[in-house]
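Here it is, the structure in full.
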Amino acid sequence: MSEASKISGIKIALAVIPALLIVSICVALYLGANADQEDGEPLEGDITVLEMSDYLLKLNNLIGEREIGTEAGQKAFRRLNAMTAGTLGFENLGYEIFRSQIDSVNGLLWSTIWINAGDRESREPVVLAIPQASQGSGPAFGFGFAEYLTSHQTGVGVRIVFYPPLIEGDLDDWIWERCGEDGESMKGFVMVTGDTEPNRSPRFLVPALLEGKIDALSNSEIWNEEAKIEIGNHGVLEVRLGDDSLFSREEHSQRIIRMMPVIKELVERLNE
């Protein structure tokens, strides 16, 4: 082989090798990303006051008021949906995002979004329902609780559901029609939101049939002594976390985080 041919071969090799390396890296990244999405576990972590404050800032001040009847309100819903998927999904906490879009209003499809936490293989999950149109407390709690459960393990299946204000009929049935699967049954149901009334203390609105579950919870060492229990003719068990406007973001963040072990134990008692 002539010297010129050898030089030409070296030049070709030097040109081809980097290209092959780039292709190999791209293939590896693609396969790795898909493997993470198919088999990945939620990333273990613990919700901080700084994170919760950031959630409340975005939900109460930046995203905008969620209203179905206005263009600005509809954009706010879309921003919230994007924040929900981005916060909980593979890029951040690592959960698989599920979505139902069977509701159409004002010519738009409206999303119900959920994740499976705790025992993600459970066929009898407890549903934690978060209204998308509520004050920031509800969605912020849902984001934080999803992270809390990655480092505070529970054997209970917890389905955290963010739903639009389009309810017809009973809330628990309406939500289960969208997030339940064949062969599953809903073991319990809790709605978590802010409070439209000027209350600083968390409130538990409890159907009479569940009074025993709440009585047992209120005797627990983790019970928040400020929380109020209201037993009555309530359609579902509802936890109201207090009026956002009565607190600084940091104070409210601390109060929301202190409620997380209480809600975890409540979910576990509903599963009994």
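Take the residues of segment 59-73 that are without any contact (Cβ under 8 Å) to a residue 40 or more places away in the chain and part of a helix (DSSP H, G or I): which is surrounded by the most Cβ atoms within 10 Å (Cβ to Cβ)?
G73
Residues are listed down the side, and each one gets a yes or a no for (1) within 23 Å of K187 (Cα to Cα); (2) part of a loop (DSSP other than H, G, I, E, B):
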residue	(1), (2)
K75	no, no
T84	no, no
G94	no, yes
D103	no, no
W110	no, no
I115	yes, no
R120	yes, yes
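Moving on. Just wondering, is there one or more residues in segment 156-167 that are of a type in the set (D, E, K, R), within 21 Å of P131 (Cβ to Cβ) and either open to solvent by less than 40 Å² (accessible area, probe 1.4 Å) or outside any helix (DSSP H, G or I) (or both)?
Scanning segment 156-167 turns up at least one residue that is of a type in the set (D, E, K, R), within 21 Å of P131 (Cβ to Cβ) and either open to solvent by less than 40 Å² (accessible area, probe 1.4 Å) or outside any helix (DSSP H, G or I) (or both).
Can F189 be described as in contact with an Asp or Glu (Cβ under 6 Å, 6 or more places away or on another chain) and either within 19 Å of F145 (Cα to Cα) or part of a helix (DSSP H, G or I) (or both)?
So F189 fits the description; yes.
Cβ-Cβ distance below 7 Å, separation of 6 or more or different chains: which pairs start in segment 77-96 with a residue that is closer than 11 Å to I113 by Cβ and end on one that is open to solvent by 70 Å² or more (accessible area, probe 1.4 Å) and modelled with pLDDT of 95 or more?
M83/K58
I need the full set of residues from segment 136-155 which are polar (S, T, N, Q) and crowded, with 24+ Cβ neighbours inside 10 Å, in order please.
The answer is S137, and nothing else.
With the condition kept exactly as written, say whether any residue in segment 169-186 is of a type in the set (A, V, I, L, M), part of a loop (DSSP other than H, G, I, E, B) and under 20 Å from V267 (Cα atoms).
yes
Same structure again: Do any residues in segment 229-240 that are within 19 Å of D173 (Cβ to Cβ) have Cβ atoms under 7 Å from those of residues that are open to solvent by 60 Å² or more (accessible area, probe 1.4 Å) and at pLDDT 95 or above, where the two are at least six apart or on different chains, and which pairs are they?
Sorted first by the residue in segment 229-240, then by its partner, the pairs are G235/D170.
Separate question: Read through the list (1) in contact (Cβ under 8 Å) with a residue 12 or more places away in the chain; (2) farther than 20 Å from G144 by Cβ, then give the number of the only condition that S201 fails.
The single condition S201 does not satisfy is (2).
The values are calculated or read from the model by the stated rules, or taken from the named source; none is laboratory data. Here the structure is a predicted model, which is why all the values come from computation and not from measurement. Backbone-built Cβ (ideal geometry, glycine too); neighbour counts: all protein chains shown. All accessible areas refer to the heavy atoms of the entire protein, side chains included, with ligands and DNA or RNA removed. Shrake-Rupley method; radii C 1.70, N 1.55, O 1.52, S 1.80 Å.
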